[in-house]
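Below: the structure, in structure tokens.
FYI, it's all coordinate maths here, none of it is from the lab. On a predicted model such as this, the values are computed, not experimentally measured, just so you know. Note that each Cβ is placed from the backbone with ideal geometry, even for glycine, and that neighbours are counted across all protein chains shown.
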Amino acid sequence: MRAVPRGGKLLTLIAAERSGIIALRRSTYLAFALIVRLALPAFAAAEPAPGEGGRSFPTRPLFGDTHLHTSFSMDAGAFGARLTPRDAYQFARGAEITSNTGQPAKLSRPLDFLVVADHSDGMGFFPTLMGGDPTLLATEQGRRWHDQIQGG
């Protein structure tokens, strides 16, 4: 919150910030409610099995990953991730991929869902740097980073 020295403007600023927070909370709540509303039918069983006593809770657990970073994220790329979002989704679907270390990797069973949560800041920087983009390597800093990463 920023203090404005002139009387009523401070109250106006506080009210505007609070209404923005309330609007953000309201939109977050509505988005969450929509996701829950859309997801619940997928969890519900069509008919209770004999002996279930009419239970109405989800009976099919889903397995997946809700937060995965690929080489497109600055932090993951800086720490050695070299797989792309396409690689991540192929792996999640059960395909064999070659890991960052060069070893084949495959899940024993495909995931039900995967969320690739790459950061928007610097998205794609590491693949560009590792690919030796001429525009990036034309800068002193770009050349230095490229050489440092290639040198280990």
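A few remarks follow.
- Residue by residue, the stretch 135-147 carries 3J(HN,Hα) couplings of 5, 5, 6, 6, 8, 4, 5, x, 5, 5, 4, 4, 5 Hz when phi is fed to the Karplus relation 6.51 cos²θ - 1.76 cosθ + 1.60 (θ = phi - 60°); x denotes Gly or Pro.
- Residues 87, 112 in ascending order of nearby Cβ atoms (within 10 Å, fewest first): 112, 87.
- Neighbour counts of C-beta atoms inside 10 Å place 73, 56 in the sequence 56, 73, starting with the fewest.
- Order of 147, 65 - criterion: other Cβ atoms within 10 Å of each residue's Cβ, fewest first: 147, 65
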